[in-house]
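The values are calculated or read from the model by the stated rules, or taken from the named source; none is laboratory data. Remember, predicted model here, so these are calculated numbers, not experimental data. All Cβ positions, even for glycine, are placed from backbone atoms using ideal geometry, and neighbour counts span all protein chains on display. Ligands, DNA and RNA are excluded from the accessible area calculation, which covers all protein heavy atoms including side chains. Shrake-Rupley method; radii C 1.70, N 1.55, O 1.52, S 1.80 Å.
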Amino acid sequence: MTVAAHGGGQDDISQPGHDVAEAQKLLAPVLSAHWDEPDSYTLAGYRRNGGYRALTKALAMDPDDLIAYVKDAGLRGRGGAGFPTGMKWQFIPQGDGKPHYLVVNADESEPGTCKDIPLLFANPHSLIEGIAIACHAIRSHHAFIYLRGEVVPVLRRLHLAVREAYEAGYLGPGALGPGKDLTLTVHAGAGAYICGEETALLDSLEGRRGQPRLRPPFPAVAGLYACPTVVNNVESIASVPALIDRGKDWFRSMGSEKSPGFTLYSLSGHVARPGQYEAPLGITLRQLLDLSGGMRPGHRLKFWTPGGSSTPLLTDEHLDVPLDYEGVGSAGSMLGTKALQCFDETTCVVRAVTRWTEFYAHESCGKCTPCREGTYWLVQLLRDIEAGKAQAADLEKIADIADNINGKSFCALGDGAASPIFSSLKYFREEYEAHLGGRGCPFDPAKSTAWGDRPNSAHLEVNA
């Protein structure tokens with residue numbers, strides 16, 4: 001669900017109260033502006049709303065000037081790290097005589113992260129236009145979209161959009177000008193979370209096992225097929241057409257000086273109206289909860305993730321932290337993919353962290369020992385804690401194991417696995433201690449489910 005025309009609000013993060021019109025002023029629907037139109041995913045629907053107008057402007061610019069323009073606009077990567085997009089394009093060496101490649105990372109797989117898939121489903125042509133502009137900038141004639149393979153409906157729509165773009169001349173022979181062809185390949189992955197790491201993605205795209213590469217060399221020098229390669233997130237590239245069409249001053253009019261522009265916030269969990277909320281960078285969770293009707297009736301916010309399960313969790317003390325890269329960083333977490341998972345007081349922190357850690361242990365590629373062995377043992381200890389079989393010393397043990405993973409694994413998957421361990425122990429150590437010494441979990445899992453507030457729900461068993 002994308003929210004652009006309705007919302008609620010609350011003073012105590014549970015009850016609606018604020019004026020709807022005032023709340024709507026906080027939103028900035030750009031990528032999601034036309035998602036509610038039945039043909040938004042088609043070429044006709046995209047053109048009707050100004051689609052491919054930016055491509056004409058971009059092709060009239062010198063590639064180096066185009067890179068400088070995007071760099072000056074301040075667009076930062078929307079895939080997690082927030083690296084400046086124009087700067088990443090600038091790293092591609094020119095005049096080297098090698099093919100240049102653009103690879104779009106659409107392997108969205110992290111718990112809570114759900115922005116790129118709906119974007120591709122409702123508005124795939126924004127990505128295709130952005131790809132054409134980016135390829136002109138980095139002087140590339142072949143681009144790839146690496147899509148998570150399980151999302152077959154999205155894959156079908158993406159293939160349809162690519163076919164429409166070829167037929168209209170936006171892709172194919174002469175797409176970037178006389179003698180400048182552009183080929184776009186859509187590749188469906190096999191569902192490995194590790195392939196969201198850019199070098200593992202490149203190995204998978206080349207037909208090898210998806211495992212992170214040793215760096216240097218970096219992809220900008222030796223990426224796909226050992227040639228200069230830019231790897232960008234879906235939302236990063238899809239944001240480029242609006243930036244070019246409406247101008248960098250318009251783009252910088254939103255957000256903050258260091259984190260300008262608009263972005264998609266994915267609100268999920270125990271909220272009244274979960275969905276995609278597109279707003280300027282720097283909006284707060286309190287404001288987004290106002291827009292979404294607050295937490296489910298009768299409950300309060302307990303903890304939340306600002307950027308998916310791999311980012312350190314925060315609490316209700318952080319409701320007014322600006323949701324931009326600097327603001328969230330100063331609060332001790334990371335903006336990441338802006339996947340705002342919100343949990344109320346019925347949720348056991350130990351249970352949530354255990355489920356996340358089980359995910360990371362399952363998705364570890366096994367290439368490095370700290371991650372391969374560390375995530376396994378974290379799962380064993382967390383399961384013991386949840387079941388009441390652990391002792392006080394085991395809390396220090398999981399912290400020690402997480403420390404042996406954090407910053408010492410081959411890629412950021414290990415860091416992501418350690419983040420919820422550290423942050424949950426920091427804010428909810430007493431809750432961990434309440435599980436120890438044979439006492440087990442003091443929470444009723446059924447209460448945290450969507451049906452937990454229904455009458456006679458106590459008899460329902462929850463095995464998730």
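Taking a sphere under 14 Å around the Cβ of Leu158 and counting the other residues whose Cβ falls inside, with K and R at +1 and D and E at -1, yields a net charge of -2. Axis angle, to the nearest 10 degrees, between helix 369-387 and the longest C-alpha principal axis of the chain: 40 degrees.
Let me make sure I get this right: for segment 67-126, a, b and c are the square roots of the gyration tensor eigenvalues over alpha carbons, sorted descending. Under 1.5 in a/c it's rounded, otherwise prolate if a/b > b/c, else oblate. Which is it?
Working: a/c = 2.12, a/b = 1.72, b/c = 1.23.
Note, shape of segment 67-126 comes out prolate.
Here the label points at Arg300 and Arg139, each 7 Å from Cα along the C-beta direction, are separated by 6.1 nm in the simple model. Nearest 0.05, what FRET efficiency do Lys57 and Thr185 give at R0 = 41 Å with Cβ-Cβ as r? Computed FRET efficiency for Lys57 and Thr185: 0.95. Three principal axis extents describe the C-alpha atoms of segment 254-344; from largest down they are 38, 23, 19 Å. Shape analysis of segment 43-252 places it in the rounded category; the axes a ≥ b ≥ c from the Cα gyration tensor give an a/c below 1.5.
Using r as the Cβ-Cβ distance of Arg156 and Trp377, and R0 as 30 Å, what FRET efficiency do you calculate, to the nearest 0.05? Please report the intermediate quantities before stating the final value.
Details: r = 41 Å, r/R0 = 1.38.
It comes to 0.15.
Over segment 43-252, accessible surface divided per residue gives 38 Å², non-protein components excluded, 1.4 Å probe. Can you give me the angle between helix 152-168 and the longest principal axis of the chain, using Cα atoms only, in degrees from 0 to 90, rounded to the nearest 10? For helix 152-168, the angle is close to 10 degrees.
Amide H contacts under 5 Å for Tyr265: Tyr277, Glu278, Ala279, restricted to partners 5 or more places along the chain or on a different chain, H placed in the peptide plane at 1.01 Å from N.
What is the helix-to-structure angle for 63-73, meaning the angle in degrees between its Cα long axis and the longest Cα principal axis of the chain, kept from 0 to 90 and rounded to the nearest 10? Helix 63-73 sits at roughly 40 degrees to that axis.
Quote to one decimal, in nm, the extra length available between Asp400 and Glu358 on full extension: 0.36 nm per residue of separation minus the C-alpha distance between them. List each step's numbers first, then the result.
Values: separation 42, 0.36 × 42 = 15.12 nm, distance 1.78 nm.
Gain in length upon complete extension: 13.3 nm.
Distance between the 7 Å Cα→Cβ label points at Leu26 and Ala168: 3.4 nm.
Tell me, what is the FRET efficiency for Glu37 and Leu214 to the nearest 0.05, using R0 = 51 angstrom and their Cβ-Cβ distance as r?
The value I calculate is 0.65.
Rounded to whole numbers, the Karplus 3J(HN,Hα) couplings from phi for segment 210-216 are x, 9, x, 8, 6, 10, x Hz, using 6.51 cos²θ - 1.76 cosθ + 1.60 with θ = phi - 60°, and x at Gly and Pro. Share of segment 211-348's accessible area from carbon and sulfur, percent, 1.4 Å? Whole-percent figure for carbon plus sulfur exposure: 56.
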